[in-house]
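Let me begin by presenting the structure, written as structure tokens, before commenting on it.
The values are calculated or read from the model by the stated rules, or taken from the named source; none is laboratory data. In this text the structure is predicted, and so the values were computed from the model without any measurement. Note: ideal-geometry Cβ built from the backbone for every residue, glycine included; neighbour counts use all protein chains shown. In case anyone asks, the SASA skips ligands and DNA or RNA and just uses the protein heavy atoms, side chains included. Shrake-Rupley method; radii C 1.70, N 1.55, O 1.52, S 1.80 Å.
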Number of protein chains: 4
Amino acid sequence: MNIKLGKNAYGKRAVNLSKIIRHADHHEFRQISVSSALEGDFETAHTMGDNSKILATDTQKNTVYILAREHFNKGIEDFGLYLSNFFLSNNPQVSKVNIGIEEHLYARMAFDGTVHPHAYVSSGNEKHTTTIVQDKDSVTITAGIKDLLILKTTDSAFTGYIQEPYTILKETTDRILATKCEATWTYNSVNIDFTAIFEQIRNTLLKTFAFHKSLSVQQTLYAMGEAVLQVYPEVEEISLVMPNKHHIPYNMEPFGLDNTNEIFIATDEPFGYITGTVVREQDSV
Amino acid sequence: MNIKLGKNAYGKRAVNLSKIIRHADHHEFRQISVSSALEGDFETAHTMGDNSKILATDTQKNTVYILAREHFNKGIEDFGLYLSNFFLSNNPQVSKVNIGIEEHLYARMAFDGTVHPHAYVSSGNEKHTTTIVQDKDSVTITAGIKDLLILKTTDSAFTGYIQEPYTILKETTDRILATKCEATWTYNSVNIDFTAIFEQIRNTLLKTFAFHKSLSVQQTLYAMGEAVLQVYPEVEEISLVMPNKHHIPYNMEPFGLDNTNEIFIATDEPFGYITGTVVREQDSV
Amino acid sequence: MNIKLGKNAYGKRAVNLSKIIRHADHHEFRQISVSSALEGDFETAHTMGDNSKILATDTQKNTVYILAREHFNKGIEDFGLYLSNFFLSNNPQVSKVNIGIEEHLYARMAFDGTVHPHAYVSSGNEKHTTTIVQDKDSVTITAGIKDLLILKTTDSAFTGYIQEPYTILKETTDRILATKCEATWTYNSVNIDFTAIFEQIRNTLLKTFAFHKSLSVQQTLYAMGEAVLQVYPEVEEISLVMPNKHHIPYNMEPFGLDNTNEIFIATDEPFGYITGTVVREQDSV
Amino acid sequence: MNIKLGKNAYGKRAVNLSKIIRHADHHEFRQISVSSALEGDFETAHTMGDNSKILATDTQKNTVYILAREHFNKGIEDFGLYLSNFFLSNNPQVSKVNIGIEEHLYARMAFDGTVHPHAYVSSGNEKHTTTIVQDKDSVTITAGIKDLLILKTTDSAFTGYIQEPYTILKETTDRILATKCEATWTYNSVNIDFTAIFEQIRNTLLKTFAFHKSLSVQQTLYAMGEAVLQVYPEVEEISLVMPNKHHIPYNMEPFGLDNTNEIFIATDEPFGYITGTVVREQDSV
């Protein structure tokens, strides 16, 4: 019985890059973290230590910095596509390229209604993400949001679930629903204004979350995904990861007080972990 | 030579609490993390295991949750003061109480110019903080901001520093100045609208940072502290911690390209660490 | 064009559990973090908010704690199998169960050659992991190691890679090779002493890493995987993730000193990211 | 009323450095993170942007790497002292230097009883620390341990504490005592084999923790500090921070099962936070 190399990939991660784009009246500041991963004809690299087909990860890193000067001017999706094309077309030994980019978001400071030309404040943990997977025949463009911490203080219920011997959770028609949402969706075209549509999709996700009369995280997740597919024909499918960050009512009874659904224990762990993909009919798995 | 107990304290940390305050037309959501620490007559607890004067940390935690229902309605400074008073007045064995509170900031979602009544999005890592230190005779109220990530893409220079054998840093008149700022300031009164003044002080800090023609982090730090003391007589002194999050120009020369101050390596470590306190004359150390 | 639910799953994560197993002469302390994820007939839960087939994640959590008392006595693989069987056999609406367990490792303290009966010190970040994926027809048992930080100070080279315009990395025949390794392997039987074989596999991985004359991370990765498959017929395939934690020689030339390969900048980011699976011939992808 | 500069300092943090010391039969690998902070005549730097007395933090970083080649050969305390002396004696404008070093600990791999000459595995999160504070007249050498995660499964009680309306914690004579201990102690001499005594003090701390019949965290903390002062005349005082990492018995009663003190919820937050300093009589505060 022989042993051999299976699936493999290599590249650089956490290539942290910032750029100033100097416009006439203000500076645009961008900060991204880029990863690259290559697949291809690397069997002898593994089995014999033959590096002749290896594009060093240091070189991949340099490439990102150098190409960013000319080609990182619009959305991270556009820059990711440029990078994947570059690696694929310059390296015949490479059969597939995976580029991941996370953008750290900043907002220009504003004072008395006037936006400052070059001072920024971080918009927090939330990141705009993209993944480009390209091989000789096709390219898949995924965009997304990571670490989007959202919550609603009502319009969220959880009732009617299975009652069995280990079930002690109390049904509720009014609870806090909080999640650090991760959404990723796939576009069906490369000719999209990725920056504009990203903001629109984000807004649709937030609005659906806010106005949904939630019967469960699952139902809200589906509603959010469905809304995006309904409104944006450019989106082929969308996946949502919605960890349930529990805010547990603090039990006042041991102290002779009534529970009034005002005070909660904000917990990190354990947490519910709800994931789902919403697809178009012909794409069903 | 005898051995004995020196300085000591104990309490609970990371008491993570959220509260819904239900107003007529919207829900106010607050999330805080509270710590309590007690000092006092605890020598025999240490030397003999005598717990008769120990207020259990579990009890301290319960106290925070229970009192939050009635008494956490305004600023974290107000709630902190209530807690420190409570622990001090109910525990004769306690000589000093230290209450720390960090508030996680959320913004109400808004759609088409309308603020949603009960849906929130996290404002990011930035936190509003307070520390109350109270003993039988006095109370010190400190407020602050933590993890305020700000940057400016120009109006920042660094020149004229010492040139010695281990100095290779190039002088620059145009660099990115980025910092994850921590500011803490002490009030000289308990009769302050802590929530209102906090927003004003934050704005003064940001505005000074944005408009300062910086010759060094030190100079910007001092300018920010000075501005707060000049504008707010309620502030006795202010301390600023301004780690210098370096964005290092990526050197294009090895690739035959010129350096145009556009592309930077965004680094986390190592980082400059600049700290300073700005005080009023009579308070000088 | 219709929209519908695609792949989905839900469960609880970070169910942090510790157990004392009281033996005659000592206490055995175990600490694990468990996750459960269920797939099945949950379409109406998503589309209609019908929770009648939902086993609450709180119930899943309770189940872990309750079953741990009787059934967490040996390896985490055994406990994981018990859990997946339990969830699958008690829930006809569930078609697939995924149980993940990470074990935090502790060592009993020893003094003057004697092991203490009930005092422990953490063995660090390294964790023993397992994933059980079970459906009506089959079960897959994966075990692994996470966060295994290992390094060697020599016997590591990197030469002969592609030289192109963006390549400036210098070839080296003597560098530090450091990685925070993640290894996961699949067993081909449920009748294995999982605890014993885990220690043996870990030892094989370490030994291969230590004695390998490395020409690249890829080659060392393959050698480690190959060694495991050669020695342990119970292992069907093994995947290794070996981020390259770069220790970069500090350049002494600007200070008129020669570079002697003694002093390094220990970096976290960016990092090389090398992944590979080693398989048996008939398993080839 | 004038505004002026109060206490201030600046320097570099997280100077991450590794070193190979090549011995005849093996390689010694060391990895440290160094911080430097300078105080002195820096008023005009803050108020006027006059950098003429500023030793750039980049220069401080270079100094650490360069001096490590010749002078980092023994304990981190020795290297820290060398650095503080260097900065102080070469910079007349500096009145006080603070050097902090954390050492990441690695163990040489061993196979079949033989230690490998150049392969290492991380010893985990635990770090050996030192802080050197030096001014024109004096130097204080503090050493310590950080992130020492230890626990005992019995010989720990907590009873007899205050019972008041918010107290619901049940007394226990048999609980898990777990802490991520931080210990720092001050030496009264510079002529000490810092490496040897560190290991001894660590052993004394562990042994005292293991064998103590604990009536509270406070009592165990004091016993540990007292033991160090009793055994090591070189230690002037010792401070211990012992967060109480609660392992809370999982309540089996709601499921009709008895509680047998076997299964626990391992929690991170909230946590008790117990701190204390043990001193020699003449050093009493």
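Quick look at the values:
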| quantity | calculated |
| --- | --- |
| For region B:3-18, Karplus couplings with θ = phi - 60° (6.51, -1.76, 1.60), whole Hz, Gly/Pro x | 10, 8, 6, x, 4, 7, 7, 7, x, 10, 10, 6, 7, 8, 9, 10 |
| Alpha carbon convex hull of region B:202-281, volume per residue in cubic angstrom | 113 |
| Interface area, B with A, accessible, probe 1.4 Å, both sides summed, Å² nearest 100 | 5200 |
| Charge dipole of region B:147-285 about the Cα centre (unit charges at C-beta), most positive-ward option of B:His212, B:Asn244, B:Asn188 | B:His212 |
| Positive minus negative residues near C:Asn73 (Lys, Arg vs Asp, Glu; Cβ under 10 Å) | +1 |
| Region C:10-137, dipole about Cα centre (Lys/Arg Cβ +1, Asp/Glu Cβ -1), debye to the nearest 20 | 280 |
| Charge dipole magnitude, Cβ of K and R +1, D and E -1 - the protein assembly as shown, Cα centre, debye nearest 20 | 0 |
| Degrees between helix B:76-90 axis and first principal axis of chain B (Cα, 0 to 90, nearest 10) | 30 |
| Distances in nm from C:Gln200 to the matching label points in the other copies, shortest first (labels 7 Å along Cα to Cβ) | 4.4, 6.1, 7.5 |
| Long-range lysine pairs (8 or more apart or interchain), region D:148-283, Cα under 15 Å | 5 |
| Enclosed volume per residue, in Å³, of the convex hull spanned by Cα atoms of region C:154-206 | 139 |
| Most mobile of C:Asn62, C:Asn73, C:Asn251 in a GNM of chain C (Cα contacts under 10 Å) | C:Asn251 |
| For region B:10-137, with +1 on Lys and Arg beta carbons and -1 on Asp and Glu, the positive-most of B:Val34, B:Val94, B:Val133 along the dipole | B:Val34 |
| Compactness index (Cα Rg / 2.2 N^0.38 Å), the protein assembly as shown | 0.94 |
| Cα long-axis angle, helix C:217-231 against chain C (0 to 90 degrees, to the nearest 10) | 50 |
| Innermost chain A residue relative to the axis carrying A onto B, by Cβ distance in angstrom | A:Gly124, 1 |
| For B:Gly6, distant residues with modelled amide H under 5 Å away | D:Thr277, D:Val278, D:Val279 |
| Copy-to-copy label separations for D:Leu169, where each label sits 7 Å from Cα toward Cβ, in nm and ascending | 3.0, 4.7, 5.3 |
| Residue of C:Gly80, C:Gly11, C:Gly113 that the Gaussian network model of chain C assigns the largest fluctuation, springs spanning Cα pairs under 10 Å | C:Gly113 |
| With eigenvalues of the C-alpha gyration tensor scaled by 5 and rooted, region D:13-162, Å | 35, 25, 12 |
| Region D:1-85: mean projected area of Cα convex hull, nm² | 6.7 |
| Cα centre as origin, Lys/Arg/Asp/Glu Cβ charges: chain A dipole, Debye | 660 |
| Highest-MSF residue in chain D out of D:Ala119, D:Ala183, D:Ala68 [GNM, Cα springs under 10 Å] | D:Ala119 |
| 13 Å beta-carbon shell around D:Ala56, net charge (K/R +1, D/E -1) | +2 |
| Distant-in-sequence amide H partners of D:Met109 (H built 1.01 Å from N, under 5 Å) | D:His116, D:Ala119, D:Tyr120, D:Val121 |
| Residue-by-residue Karplus 3J(HN,Hα) for region C:246-261, coefficients 6.51, -1.76, 1.60, Hz, glycine and proline x | 6, 10, 9, x, 6, 6, 8, 4, x, 10, x, 10, 7, 8, 10, 6 |
| Cα-derived Rg over Rh, computed across region D:153-258 with Rh taken as Kirkwood radius | 1.11 |
| Trypsin sites (Lys or Arg not before Pro) restricted to DSSP loop in region A:136-186 with at most 11 other C-beta within 10 Å | A:Lys136, A:Lys170 |
| Under 16 Å from A:Lys7, Cα to Cα: lysines that are on another chain or at least 8 residues apart | A:Lys96 |
| Principal axes of chain D: Cα extent on each, largest first, Å | 74, 69, 40 |
| Other copies of B:Arg69: label-to-label distances in nm, shortest first, labels 7 Å along the beta-carbon direction | 3.1, 6.5, 6.8 |
| Net +/- balance of residues flanking A:His23 in space, Cβ distance below 13 Å, scoring K and R +1, D and E -1 | +1 |
| Euclidean distance of C-alpha centroids, region B:89-139 and region D:173-233, integer Å | 36 |
| 25 °C / 0.890 mPa s Stokes-Einstein diffusion coefficient of region D:59-125, Kirkwood radius on C-alpha pairs, µm²/s | 172 |
